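Trainee: Below is a structure I'd like to ask you about.
The values are calculated or read from the model by the stated rules, or taken from the named source; none is laboratory data. As the structure is a prediction and not an experimental result, all values here were calculated from the model. All Cβ positions, even for glycine, are placed from backbone atoms using ideal geometry, and neighbour counts span all protein chains on display.
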């Protein structure tokens, strides 16, 4: 009797498959990407997909985590590596302009666009992405509060208001990139956005 071996093939490259899944979710969103889309693009059967990644929701979570540590990591790096808060936010916006329009991958930010459309059955997906975006606002606010304590943010500046503002700018840049804005156009947006940075009296 000949035994048929099931499951994913020996040549299965999990990391390469994860890259392909990331592109699908990034381009089409969570709702717009089906199991059939995933298996066809990854070249594996549904059982192999489930064996490698679990269900669609679990795979999506892994994709978003991977995105945060790769394509989306520029935001955290900019704020952490620049000693001056203003320089950190300016760099973050400049790099957003470049990243969101990079022709090497779908436009915009996956975390911002992947769950714009969702159903009651996938509300947890939308909620998870919203929590990540809210966490970014909190990170912005902490960086600005640290600058305030260090005396590099002018007295009277509001860290929370500025954090929400910069989050709104980043989200808007993502959508503009999806709508076809160029890197040059978004770099100009970044420059204009930084014009609201509070200036110390007498500076």
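Trainee: Could you pull out the residue among 120, 96, 107 that is more than 16 Å from residue 141 (Cα to Cα), surrounded by 21 or more Cβ atoms within 10 Å (Cβ to Cβ) and in the same structural domain as residue 179 (by TED's automatic domain parsing)?
Mentor: Working: 120 fails: surrounded by 21 or more Cβ atoms within 10 Å (Cβ to Cβ); 107 fails: surrounded by 21 or more Cβ atoms within 10 Å (Cβ to Cβ).
On inspection, the qualifying residue turns out to be 96.
Trainee: Which one of the conditions (1) without any contact (Cβ under 8 Å) to a residue 40 or more places away in the chain; (2) buried (at least 22 other Cβ atoms within 10 Å of the Cβ) does residue 114 fail to meet, given that it meets all the rest?
Mentor: (1)
Trainee: Kindly establish whether residue 155 is more than 17 Å from residue 88 (Cβ to Cβ) and modelled with pLDDT under 95.
Mentor: The answer is yes for residue 155.
Trainee: Can you name every one of the helices (runs of 4 or more DSSP H) wholly within segment 93-203 that holds 1 or more residues which are closer than 20 Å to residue 75 by Cα and over 16 Å from the mean Cα position of the chain (by Cα)? Talk me through it step by step, then tell me what you get.
Mentor: Values: elements: 110-113, 123-150, 159-178, 183-194.
The helices (runs of 4 or more DSSP H) meeting that bar are 123-150, 159-178, 183-194.
Trainee: Quick check on residue 51: is it surrounded by fewer than 21 Cβ atoms within 10 Å (Cβ to Cβ) and assigned to a helix (DSSP H, G or I)? It would help to see each step written out before you state the result.
Mentor: Working: surrounded by fewer than 21 Cβ atoms within 10 Å (Cβ to Cβ): yes; assigned to a helix (DSSP H, G or I): yes.
Yes, satisfied.
Trainee: Hey, among 17, 21, which residue is surrounded by 19 or more Cβ atoms within 10 Å (Cβ to Cβ) and closer than 17 Å to residue 113 by Cα?
Mentor: On the way: 17 fails: closer than 17 Å to residue 113 by Cα.
That would be 21, the only listed residue that is surrounded by 19 or more Cβ atoms within 10 Å (Cβ to Cβ) and closer than 17 Å to residue 113 by Cα.
Trainee: Go through segment 146-155 and count every residue that is closer than 26 Å to residue 189 by Cβ and surrounded by fewer than 17 Cβ atoms within 10 Å (Cβ to Cβ).
Mentor: Going residue by residue through segment 146-155, those that are closer than 26 Å to residue 189 by Cβ are 146-148, 152-154.
Adding the requirement that they be surrounded by fewer than 17 Cβ atoms within 10 Å (Cβ to Cβ) leaves 146, 152, 154.
Of the residues in that region, 3 qualify.
Here is a yes/no grid of residues against (1) at pLDDT below 90; (2) closer than 19 Å to residue 111 by Cα:
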| residue | (1), (2) |
| --- | --- |
| 8 | yes, no |
| 13 | yes, no |
| 17 | no, no |
| 23 | no, yes |
| 29 | no, yes |
| 39 | no, no |
| 44 | no, no |
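Trainee: Further question on the same structure: What number of residues in segment 24-48 are touching a residue at least 12 places away in the same chain (Cβ under 8 Å), surrounded by 14 or more Cβ atoms within 10 Å (Cβ to Cβ) and in a helix (DSSP H, G or I)?
Mentor: 9
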